[in-house]
Structure formats: C-alpha cells, structure tokens
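Quick notes on the structure that follows.
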Amino acid sequence: MISRRELIFQIVLHVLVLLFFSFDRMEESINFTKAIFPLLYSVATLGISYYLMPKFLYQKKYWKFFIGSALIVILVIIIEEVLLEPLMFAGTKRGDDFPGLYVALLSTLPIMFILSGSKFGWDALQKQEQINQLQSTIQESELQFLRNQINPHFLFNNLNNLYSYALQDSPKTPEIILEMSGVLRYMLYESKEQFVPLKKELEQLGNFIRLYKLQIEERGKVEFNVEKVDGEYRIAPLILIVFIENAFKHSQSGQSSDIEIDVSIKVVDGILEFNCRNNFEPTESLDTIAKGIGLANVKKRLELLYPKKHELIIKDENKSYNVYLKLEL
C-alpha cells in the first residue's frame, strides 16, 4: 500500500514533469495540447512503477519486466500515433504521417524513464531505511543480550564467595551482602540505558572494588585512583567493571598473598583512559579466566557501541596482567 509521503512525492513529481514538458518556450506559457502526451506517458508509467516493478523487477524476473515494459511503451506509441495525433492534428503532416519508431521512442522514453526511475529510487531509499532500522533493532537486541549476561556472571562469582564466608561465620558476611545488593541494584535497575553518566558509573566501580577488597582481606593491596572528572560525560554501563572483576579473579586464582591490583582512570578532553594491572601466579585455569565470557562480552560490546572510537590493549607478561582501554566518550 502506498504511503502518504510517497503519494505526495509522486504527485509533486508528476506535476513538475508535466509542466516542464508541456511548457511552450516560444509562447512562454503552458501548451495544453502538448500536455496531453506527457499526461499519457505519466499514466502509462504508473503501470510500470506500481505493477511491473514489484511483481517482476523486485522478484528478479527481469525478462518478464522487460517484456511488460516494452509492451506498455508500444501501447503508448500506438495510442499516440493512431488515436491522439490524427485526432488533434487532423489535416497536418504530424497527424497523417508516422515519424518512425526511433523518433517516437525519443519523445516517449525520457519522461517514462524519469518517472519510473524516481519510483525505483524511492523504493531503494525505503528499503535502505528498513535495513537500517532492522540493523539497529538487531544491534540493540544483541547489546541487551550481552548486558544481561553480566548480571548472572557477577552473581554466580559472588555467591560462591559469600557461601564460603557464611560457612566460616565470618563477621564480614553482612557487609558483603550489603555491598553486593548495592552493586546488583545498579546492574538491574539503574544501568538499563545505553549510556549512563560517567560519574555514576565510576561511583559504582568504587562500590564494586570495595566488595572485592572485603574478600581479599589482608592478602594484598588494591589501589583505585580516579582523576577528577569535569564535564557531563556519558559511558556505556558495565564496560569497565568486567576488567576489574577479571583482575580480582586473576589475582586470586593461584595466589594466596601479596595480591596487587592497581586501577586508574582519567578523562582528558572527552577521552577516557583506563588502566588496570594485577599480578598473578600462573596456573592451568588462568587462560580460561583471561578468555572467559566476561572479556569476550565486553570486546563485543565495545565493537558495537564504540566502533573506531576505542583502543583496547591487553598484555600478559612477567606474571603481570595489564589492560589499557582508551575510549572517545
């Protein structure tokens, strides 16, 4: 079904073409006799644009489209030469003689090409718009899926730690539950937007790090430094948290003491630089940790949300795991 926008576009285009080809430059006015023929071509073109194109051309039945268009053009020439011209120009050479197929096509095809070509161009633009909307919907669905993976990932990791503290009747258990509930609240309810205020995200990173520091206890040192952030910047939620969680898991996997984790963040002229370094003792499970769901997830999200606007460098050397992320906010 033709849309209102397309209807208006086609009406305006047909009127302009009709006026252009029926304008008599010698008399500097519209020649209504000359307007009959463009009007005939315009009506004939509707059959090509709204019947042959969708039924044959867009279905890749090219020969049927070509034959159908040729028949319409031939029919137009017959109506023009056999009916209209003898009636309108009776007793003149134009009314009595057929100028030849070549001359007839020269007068017919330009207008029909313009009108049918405009329809083809309109359909192509609408199709591209549909493709863009579909791609946007798919991307949003994929981002939502990736973001939803983070919640159970975080929850499962911390429930295991909480269980071990509960078994030991640790006095830190209530504090861990409180910190964990705050982080989960942010993940579930406050980070649903595609982008959130950077200051809010950094605040939650601090809460997240405090939660994990409770689990390290006196077994190491954790540094979290954020330079003052000026400006109302926004960032995709739960991007940085994955790297920090990975650092804690990495350090604790094969190490019971001397844990070192250093996280620093700064923003200069809308460019965020994130550095996260942790030491570790090599174990068989470290490769799995370094390449787990969390990192694969965040890499994919960065590709979708910050195409050509991020730089991620991960180095694993000398018992040190380093992550550098640069983002254009």
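The values are calculated or read from the model by the stated rules, or taken from the named source; none is laboratory data. Remember, predicted model here, so these are calculated numbers, not experimental data. Note that we place each Cβ from the backbone using ideal geometry, even for glycine, and neighbour counts take in every protein chain shown.
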Next on the checklist: It is to be established whether one or more residues within the stretch 182-196 are buried (at least 17 other Cβ atoms within 10 Å of the Cβ) and out of contact with any helix residue (DSSP H, G or I) (no Cβ under 8 Å at 6 or more places or on another chain).
Outcome noted: no
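Listed here are the residues, each with its yes/no results for (1) modelled with pLDDT of 85 or more; (2) in a helix (DSSP H, G or I); (3) at positive phi.
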position	(1), (2), (3)
Ile72	yes, yes, no
Glu81	no, yes, no
Pro99	no, no, no
Met112	yes, yes, no
Phe120	yes, yes, no
Leu134	no, yes, no
Item to check | So Ser49, is it within 45 Å of the chain's Cα centre (by Cα) and either modelled with pLDDT under 85 or within 19 Å of Ala104 (Cβ to Cβ) (or both) | outcome: no
Next on the checklist: Among the residues of the stretch 209-227, are any surrounded by 13 or more Cβ atoms within 10 Å (Cβ to Cβ) and farther than 27 Å from Ile177 by Cβ?
Outcome noted: no
Item to check | Residue within the stretch 229-241 that is of a type outside the set (Ser, Thr, Tyr), part of a helix (DSSP H, G or I) and either modelled with pLDDT of 80 or more or closer than 27 Å to Ser164 by Cα (or both) present | outcome: yes
Checklist outcome for this item: Considering the stretch 188-203, residues that are farther than 17 Å from Ile261 by Cβ, at pLDDT 75 or above and not in a strand (DSSP E or B), and then whichever is nearest to the chain's Cα centre (by Cα), we arrive at Gln194
Next on the checklist: List pairs: first residue in the stretch 262-279 and not assigned by TED's automatic domain parsing to the domain that holds Glu223, second residue among the small types (Gly, Ala, Ser) and not in a strand (DSSP E or B) anywhere in the structure, Cβ distance under 9 angstrom, at least six positions apart or on different chains.
Outcome noted: none
Next on the checklist: Please count how many residues of the stretch 272-312 are within 21 Å of Val196 (Cβ to Cβ), out of contact with any Lys or Arg (no Cβ under 6 Å at 6 or more places or on another chain) and at pLDDT 80 or above.
Outcome noted: 16
